[in-house]
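The block underneath contains the structure these notes are about, expressed in structure tokens.
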Amino acid sequence: MSMKFSLPGRPGPKPANRVEKAIAALRRGFGGLIGLSAVFNLFLLAGPLFMLQVYDRVLTSRSVPTLVALLLLVAGIYLCLAALDIVRLRASTRIADWFGDEVGPAVARLAIARPWYGASPANRQAEQSNPMQDFDRLRAFIGSPAAIALCDLPWLPLYLAVAFAFHPDLGMLALGGVAVLFGLAALGDRAAQEPVRQANAATARRARLIDTAGRATETIAGLGMRGAYIRRYGSMDDELRTAGRKASDRMAFFIGASRGVRLLLQSASLALGAYLALKNEITPGMIIAVSIITARALAPVEQAIGHWRGFVAARQSWLRLRDQIGDADAGEPKTKLPRPKVSIEVADLSVTGPGSERALLTGVNFSLRAGSSLGIIGPSGAGKSTLARALVGILQPLSGSVRLDGAELSQWQSDQLGRHVGYLPQDVELFDGTVAENIARLAQHPDSAAVIAAARRAGAHGLVTSLPDGYDTLIGQGGMMLSAGQRQRIGLARALFGSPFLLVLDEPTSALDVEGDEALRKAVETAKQAHSIVIVIAHRPSAIATCDHVLVISSGKQAAFGPRELILRENGQRPVRVASS
């Protein structure tokens with residue numbers, strides 16, 4: 001799926017071709033499992049047929065060799081049965097793994113994109129779910145015995161046919177029992193759908209609360225919010241347990257009812273068989289055989305009902321994923337463009353923010369050449385961060401364009417574009433891993449020299465080497481082992497990694513001390529000398545002292561653009577001069 005996210009209020013993307021192909025292949029895989037289940041269920045007939053032969057042939061003939069031959073034959077069949085069962089279970093887990101390999105990347109991209117459109121009225125269902133949880137639930141179901149039980153259901157007619165072959169009355173009794181169990185399954189499905197949906201939504205809300213707490217530990221502790229957090233967690237947990245209990249209670253009724261029906265029908269078939277044997281319409285051996293066959297015919301239905309809650313949850317998870325996953329292939333350009341070297345041009349740009357149906361920023365026009373810099377200033381809420389996200393390709397324009405060397409951002413492959421862009425957001429999020437991994441943007445085999453070079457340009461090399469394990473220091477979830485200033489310096493190094501052509505820094509001095517301010521100034525100057533374009537977003541003119549041009553944003557519109565000293569003077573602000581180093 002492309003990193004160009006679906007805009008709120010617009011029709012969602014079509015299901016991904018890749019995902020559709022994966023689903024088609026998944027169906028073929030389960031078709032193979034159903035084929036294996038056909039042989040498996042044929043072999044299961046060996047038990048009742050063995051009983052039939054023992055009662056009707058061995059006991060009447062008193063032939064020990066016949067008994068031994070039958071026993072050896074059924075033992076061989078049961079060995080094959082065990083092998084088939086092992087193959088089915090292993091095949092289902094491998095199908096689940098393959099499904100994860102094929103669909104997992106699209107779901108991961110969805111999880112990355114989701115915060116930018118999850119608040120849209122058109123995507124309210126997405127707010128109640130977590131794509132990765134839905135994916136894990138679906139994959140676990142595919143590889144579980146519950147899926148195998150569903151593969152046995154199509155072979156019910158086989159057992160019913162054998163029962164009818166013994167006697168039509170026995171077949172009708174088994175058929176009636178299957179119909180009753182299917183009716184219970186349908187009622188259970190209808191009864192459990194809503195509480196299962198509520199339980200899944202409550203699970204997602206609680207997971208988001210836990211995730212937020214993990215990133216806001218200092219806020220919770222510093223503001224005395226532990227009690228409030230625990231109360232809120234308890235409230236969400238109560239909601240989850242209430243919904244889960246309601247679903248379990250409803251399914252417990254139908255599971256218990258189905259088990260009772262199965263046991264009753266098994267005894268009823270035994271009684272009916274005995275009655276028919278007394279009338280000499282069937283043999284005594286058929287009494288036992290048909291009882292086993294009836295039980296086997298009803299077993300897959302009972303197993304399916306027992307796993308019905310998992311089936312309902314997996315089905316709801318798939319429906320949500322199918323509706324949310326965008327086109328993973330069609331939206332991504334195939335032609336790789338060369339590295340930009342000349343300019344960025346923004347023409348009549350209008351952008352909306354996440355969850356908004358109206359334009360938050362309109363009428364932005366400017367162009368910059370390689371080696372120049374731009375400072376963007378304006379009051380809080382004016383649209384500066386929205387513009388930053390549009391410049392790096394996070395948000396698509398409602399109208400207008402952003403072009404690098406004449407090519408719109410949508411013409412770039414998302415990962416390729418990212419290699420040419422450095423972005424430091426207001427809230428610096430680091431990943432659980434080492435400092436080097438974070439600076440290298442989670443590259444599998446990062447170039448140590450490039451990592452150190454980026455840290456030096458950000459003025460963070462000394463900071464990193466002062467940590468216990470230097471560049472190999474584990475920083476914890478969200479960089480919790482670091483101070484806010486250290487996180488911002490490492491975030492700046494990450495933005496500088498790979499010497500990007502376009503560098504966009506959103507409030508880069510918010511957590512920096514004097515030394516950090518000086519390191520930022522040098523980093524901007526070095527980037528300009530390397531023919532990069534640097535864009536710095538700030539509230540204060542002092543933060544853009546190294547910028548050549550200034551863009552003023554006010555009330556979601558471009559108010560002014562031009563040389564820094566001229567624009568600041570026209571806006572009644574005194575330019576800040578930078579001493580040469």
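Read the figures in this text as sums done on the coordinates, not as results from a lab. All values reported here derive from a predicted model rather than from experimental measurement. Cβ placement follows ideal geometry from the backbone for every residue including glycine, while neighbour counts extend to all protein chains displayed.
Observations on the structure shown:
- Taking all Cα pairs closer than 8 Å and separated by 6 or more residues, the relative contact order of the chain comes to 17 percent.
- Working note: Karplus 6.51/-1.76/1.60 with θ = phi - 60° gives the range 264-274 the couplings 5, 5, 5, 5, 5, 5, 5, 5, 5, x, 4 Hz, where Gly and Pro are set to x.
- Subset of K21/K336; K522/K557; K336/K384 violating a 27 Å alpha-carbon distance limit: K522/K557; K336/K384
- Taking amide H atoms as placed 1.01 Å from N in the peptide plane, the amide H of V504 lies under 5 Å from those of G422, Y423, L424, I535, each 5 or more residues away in sequence or on another chain.
- Distant-in-sequence amide contacts of A560, defined by a placed amide H-H separation under 5 Å and a gap of 5 or more residues or a different chain, comprise V552.
- Simple label model, 7 Å out from Cα along Cβ direction - D211 to F253, nm: 3.5 nm
- Close amide H contacts of L337 (hydrogens built in the peptide plane, cut-off under 5 Å, sequence separation of 5 or more or a different chain): Q413.
- The shape of the range 17-324 comes out prolate: with a ≥ b ≥ c from the C-alpha gyration tensor, a/c is at least 1.5 and a/b beats b/c.
- Cβ crowding within 10 Å ranks H420, H445 as H445, H420, fewest other Cβ atoms first.
- Sites R403 and Q133, calculated FRET efficiency, Cβ-Cβ separation with R0 35 Å, nearest 0.05: 0.35
- Each residue of the range 279-285 was assigned a 3J(HN,Hα) from its phi angle through the Karplus expression (A = 6.51, B = -1.76, C = 1.60, θ = phi - 60°), giving 8, 6, 8, 9, 8, x, x Hz with x at Gly and Pro.
- Dipole moment magnitude, nearest 20 debye, the range 509-560 about Cα centre, only Lys, Arg, Asp, Glu C-beta charged: 260 debye
- Length added when fully stretched, A277-A530, from 0.36 nm per residue minus Cα-Cα: 81.4 nm
- L67-C80 pseudo-label distance in nm [points 7 Å out on the Cα-to-Cβ vector]: 2.5 nm
- For the chain, the Cα-based Rg and Dmax, in that order, read 33.3, 115 Å.
- Between R190 and R27, the contour length at 0.36 nm per residue exceeds the alpha carbon distance by 56.2 nm.
- Taken one residue at a time, the phi angles of the range 304-313 give Karplus couplings (6.51, -1.76, 1.60, θ = phi - 60°) of 4, 5, x, 9, 5, 4, x, 5, 4, 5 Hz. Gly and Pro are set to x.
- Length released on extending from L474 to E565, taking residue separation times 0.36 nm less the Cα-Cα span: 28.4 nm
- Taking 7 Å steps out from each Cα toward its Cβ at A161 and A450 produces label points 6.3 nm apart.
- In plain terms, the chain is cut at each of the GluC sites (Glu not before Pro) found in a DSSP loop with at most 16 other Cβ atoms within 10 Å, and the longest leftover piece is 1-280.
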